[in-house]
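Participant: Sharing a structure, written as structure tokens. Questions coming.
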Amino acid sequence: MKGLEGMRVLELGDMVSAAFATKMMADLGADVVKIEPPEGERARRRGPFPKNAPGDPEQSGLHLAINTNKRGLVLDLEDAADRDGLDALVAASDVLVHNFAPARMHAQGLDYERLRAIRPELVMCSITPFGLTGPHRDFRAEEITVQHAGGWGWLSPGQSDFPDLPPLKAFGHQCDFQAAIAANAATVAAWYRALRTGQGEHIDFAQQAYVASFIEIALIYWTYPGVVAGRFGPKGLQPWGIFPCRDGLIFMATPEEDQWHRLVELMGSPDWASLEIFDGMRNRMENYDALRILLQEWTADWEVDALFHEAQKRRICFAPVLSLEQFGAQEQLRLRDYFVPVEHPVAGRFEVIGSPYVLRDKWWELRRPSPRIGEHQDEVLAELAAPTPTPTRPRTPAAGSSSRLPLEGVRVLDLSWVWAGPFGAMHLAHLGAEVIKVESEARPDLGRRLAVFSKEAGQGINRSGYFNQWNQGKKSVSLNLSDPAAVDIVKQLVAHCDVLVENFATGVMDRLGLSYDALLEHRPDLIMASISGYGETGPWRKYMGYGPAISPLSGLSASSGYVGEGPSEVGLSLGDPCAGITAAAAVCAALAARDRNGGGQHIDVSLWESTAVGSVESWMGWQLRGEEPVRMANRDPLMCPHGVFRCREDDSWVTIACATEGEWRALCGVVDAAGTTSPVLVDDPRFATSALRKQNEDALEAALEGFTASRDRWEVTRALQAVGVAAFPSLTPKDVAEDEHLWARGFFETLPHPEVGERQHAGIPWRLHNGPNGVRAVAPCLGADTEEVFGELLGYSEEQIQSLRERKIVF
């Protein structure tokens, strides 16, 4: 067996989150059985469809893209006999993943206590918008709801020039995809524990909480300096943004001063660049309007491709804003086999977006297209009638296993910095791993230097909220990696570690003598995750790729924007947390594979490739229809109404989305009772059908805003949720920090830190049934655990450690 072969998975639900979480398992070899109702699940009706097959449930682009490598089965879980069939499937399975709302989950028999009586080792993951507990557990939600409930929507578009327009939804189902990857990591980690202990698990995964956990600097900017981040005004790191070229648009970001100086050289050192108003990051931020005009004049003389490569030669983060056609033509992606051909019996031949990482041992494989409705019915049912296969290993519960975290006993060496790597390693710590972060006092993690300080604690190397958010639960040792003796110590540490995570620029680990092959000499079954902007191979492997550049590269910026306006930033550096959690998910799979089959794995995670998996809807539109997505602000291709509506208070907004005729009529009942529209919505012929509502969307939105504009956003939310309509305020970071539902679920952490005291941080977005919950420790002070780790793990004496300090090998 290789990868996740032998893992037996059941998937139930609609649309993206459960489907993509299990696709990641299927792509590594797991046997995933997708269970659908007789009419098929909702993604089959989503599209995009080929022009000659509108509405064909076997040719929906979204469904075709996120269900490869699965087998298809039909069960009507409203029927008692089919529920018995589900129980039989559970008895023969290792994992069950679903995304049904709590009420539907229980109505269809998906009760964990009942199912684990059938299969004690079962790992069950329930992915829901708000989780299975808390005051909002039963709230209806669509993607737009979750983006705004988690605080992301409020921040988008970044650096907005449109103060009168509402916050902007990022195109597609980005929150669903991000939640799916994180839920995959937690589920596979729990299965890894089940393999070792026989202990099953129920993971209660809340999408709102996960989104709130990756809104970049926004949450901690409130809980540390008390500033409410928003979508207006310049970023603190300038220059930054999308700029015009002769033949398109280009994104640039220069978060460090030396990059600004290299940019000035590239521009030919114009006189204006030496003006005092542009001297230093703060001055450039305060004078961004003038800076932007000057930069636009300069970039307008360049062609996109030429400027991109010239800037990258100088290690400046530039990236083209790609259309879907351009995205699919990129040599870097093609040479890394990112696009994979599929031959589907109904939809024909097309390409899907491939693996979010490149594996040294090639476990990822596209073995079959997405299943037709009930395609494997006879095959799966025949297997149920056969004897149950022997489990991979005896599953005898270990003593005290019920209190173990999934990755307890796993040790991780964290050589990463800033966000992507630390985010991934933090989630391994959340899952129970011991994470040892290697740092240098000579060149501290940029996260320690970013000015996110509380007024009370002030500045300090251990006091930045940025670092303290993304490094919770870790230990810290200090090493000067410019000294060969420190590199030797890293190799000694590797011998005692299961996993290494790093996000240095491609080639740095090789130059240090810490390549994967070199480290295998010290730990033959090492699992190593290397995170970079463009990956470890290909012509762009040494290019600089910061997180904010990835949305422009992946087609997300080109797909997102206000009607009639250009591509937009999406409000946060999505590439960083996406690459980090993707690395964590791959590590969990590699641990499970090693536990059964032996051997390590090198995981090459590109920010670009891991994030672009969220562009499948627009990509499939290009593949099946030859069309680029149309920027439609907060509207949806199918649902109407679907948008963000102004409320009574200044810059106050509420999201509303109706997915069915029943929800539309429920909305009409609330709005018509208020008497704000004439004629009443339910009788207005312009809105009589879904198609007519789309044709008259401007008028419908104006009518709805007549209702919302005189009301508080929570008043609108509660009135609509009471009748089953997806509605939720667009939460500011302050709102997120004060959200009663997130507090009720134990999401926030306020553990005392030795230098900043009790500060609020985003915690763990899932709750475990059979393991402890909550973050175990605050982020470490620099080098706080050097003596403990070197003494207990490496056997160094106090005298040896002191000698290392005197030689400046250890700080």
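The values are calculated or read from the model by the stated rules, or taken from the named source; none is laboratory data. Computed from a predicted structure; not experimentally measured. Please note: Cβ atoms are built from the backbone with ideal geometry, for glycine as well, and neighbour counts cover all protein chains shown. Protein only, heavy atoms only, side chains kept; ligands, DNA and RNA dropped before computing areas. Shrake-Rupley method; radii C 1.70, N 1.55, O 1.52, S 1.80 Å.
Participant: Order the following by accessible area, largest value first: W619, W714. Probe radius 1.4 Å; ligands, DNA and RNA are ignored. Before the final figure, lay out each step's value.
Facilitator: Values: W619 5, W714 50 Å².
Result, largest first: W714, W619.
Participant: Mind checking the per residue accessible area of the range 1-99 for me, 1.4 Å probe, whole number of Å²? Don't jump to the answer; show the numbers that get you there.
Facilitator: Numbers: 2580 Å² over 99 residues.
Accessible surface, normalised per residue, equals 26 Å².
Participant: Give the distance, in whole Å, between the Cα centre of the range 535-564 and the Cα centre of the range 716-780.
Facilitator: First find each Cα centre; the distance between them is then 30 Å.
Participant: Helix-only estimate, please: 222 nm mean residue ellipticity of the chain, summing -39500 (n - 2.57) across DSSP H runs of length 4 or more and dividing by its residues, to the nearest 500.
Facilitator: Working: 34 runs with 289 residues, N = 811.
Roughly -10000 deg cm²/dmol at 222 nm, from the helical runs in the chain.
Participant: Kindly report, to the nearest 10 Å², the accessible surface of H602 as traced by a 1.4 Å probe over protein heavy atoms only.
Facilitator: 30
Participant: Eigenvalues of the Cα gyration tensor times 5, then square-rooted: what semi-axes does that give for the range 421-493, in whole angstrom, largest first? Kindly include the intermediate steps, with their values, before the conclusion.
Facilitator: On the way: eigenvalues 107, 62, 13 Å².
Computed over the range 421-493, the values are 23, 18, 8 Å.
Participant: Related question: Using +1 on the beta carbon of Lys and Arg, -1 on that of Asp and Glu, and nothing else charged, what's the dipole of the chain about the Cα centre, debye to 20? Walk me through the intermediate numbers first.
Facilitator: Numbers: 78 positive and 109 negative charges, 196 e Å.
Around 940 debye, computed over the chain.
Participant: Moving on. Quick one: order S416, S323 from most to least accessible surface, probe 1.4 Å. Write down the numbers at each step before the final one.
Facilitator: Values: S416 5, S323 30 Å².
Highest to lowest solvent-accessible surface, that is S323, S416.
Participant: Using a simple charge model, +1 on the beta-carbon of Lys and Arg, -1 on the beta-carbon of Asp and Glu, nothing else, what dipole does the range 97-221 show about its Cα centre, in debye to the nearest 20? Provide the component values of the computation, followed by the final result.
Facilitator: Values: 9 positive and 12 negative charges, 107 e Å.
Approximately 520 debye in magnitude.
Participant: What percentage of the solvent-accessible surface of the chain, computed with a 1.4 Å probe over protein heavy atoms, is contributed by carbon and sulfur atoms? It would help to have the intermediate numbers written out before the result.
Facilitator: On the way: 13850 of 27820 Å².
The C+S portion of the solvent-accessible surface of the chain is 50 percent.
Participant: How large is the dipole of the range 1-72 about the Cα centre if only Lys and Arg carry +1 and Asp and Glu carry -1, each at its Cβ, rounded to the nearest 20 debye? Walk me through the numbers on the way to the answer.
Facilitator: Working: 11 positive and 10 negative charges, 27 e Å.
For the range 1-72, the charge dipole is close to 120 debye.
Participant: With every protein chain in place, what's the accessible area of M285 (1.4 Å probe, Å², nearest 10)?
Facilitator: 60
Participant: With the other protein chains left in place, how much accessible area per residue, in square angstrom, belongs to the range 490-574 at a 1.4 angstrom probe?
Facilitator: Numbers: 2540 Å² over 85 residues.
In whole numbers, the range 490-574 has 30 Å² accessible per residue.
Participant: Here is a further query. With viscosity set to 1.567 mPa s and temperature to 4 °C, compute the Stokes-Einstein D of the chain, Rh being the Kirkwood radius across alpha carbon pairs; µm²/s, no decimals.
Facilitator: In µm²/s, the coefficient rounds to 48.
Participant: Along the positive direction of the dipole of the chain (beta-carbon charges: Lys, Arg +1; Asp, Glu -1; about the Cα centre), which of A727, A185, P163 reaches farthest?
Facilitator: So the residue furthest toward the plus end is A185.
Participant: Keeping all protein chains in place and using 1.4 angstrom, which order do K70, K51, K235 fall into by accessible surface area, from largest down? Show your work: numbers first, answer last.
Facilitator: Working: K70 0, K51 125, K235 50 Å².
Listed by decreasing accessible area, they come as K51, K235, K70.
Participant: I'd like the antiparallel share, as a percent to the nearest 5, of DSSP beta bridges with both residues in the chain. Write down the numbers at each step before the final one.
Facilitator: On the way: 35 of 82 bridges.
Once the DSSP bridges in the chain are tallied, antiparallel ones form about 45 percent.
Participant: If packing is taken as the mean number of other Cβ atoms within 10 Å per residue, what is the order of 223-229, 529-535, 803-809, highest first?
Facilitator: 529-535, 223-229, 803-809
Participant: Please sort by residue number the trypsin sites (Lys or Arg not before Pro) in the range 629-702 whose DSSP state is loop and whose Cβ has at most 16 other Cβ atoms within 10 Å.
Facilitator: Numbers: sites: R631, R635, R646, R648, R665, R686, R693, K694; in loops: R631, R635, R648.
Passing sites in the range 629-702 are R648.
Participant: Based on DSSP H assignment, which helices of the chain show an axial Cα extent of at least 24 Å together with a mean Kyte-Doolittle hydropathy greater than or equal to -1.0? Don't skip to the end; give the middle numbers.
Facilitator: On the way: long enough: 174-197 (35 Å, 0.31); 575-597 (32 Å, 0.48).
For the chain, where a helix must reach 24 Å along its axis and average at least -1.0, the hits are 174-197, 575-597.
Participant: If I ignore ligands, DNA and RNA and count only protein heavy atoms, how much of W417 is accessible to a 1.4 Å probe, in Å² to the nearest 10?
Facilitator: Accessible area of W417: about 50 Å².
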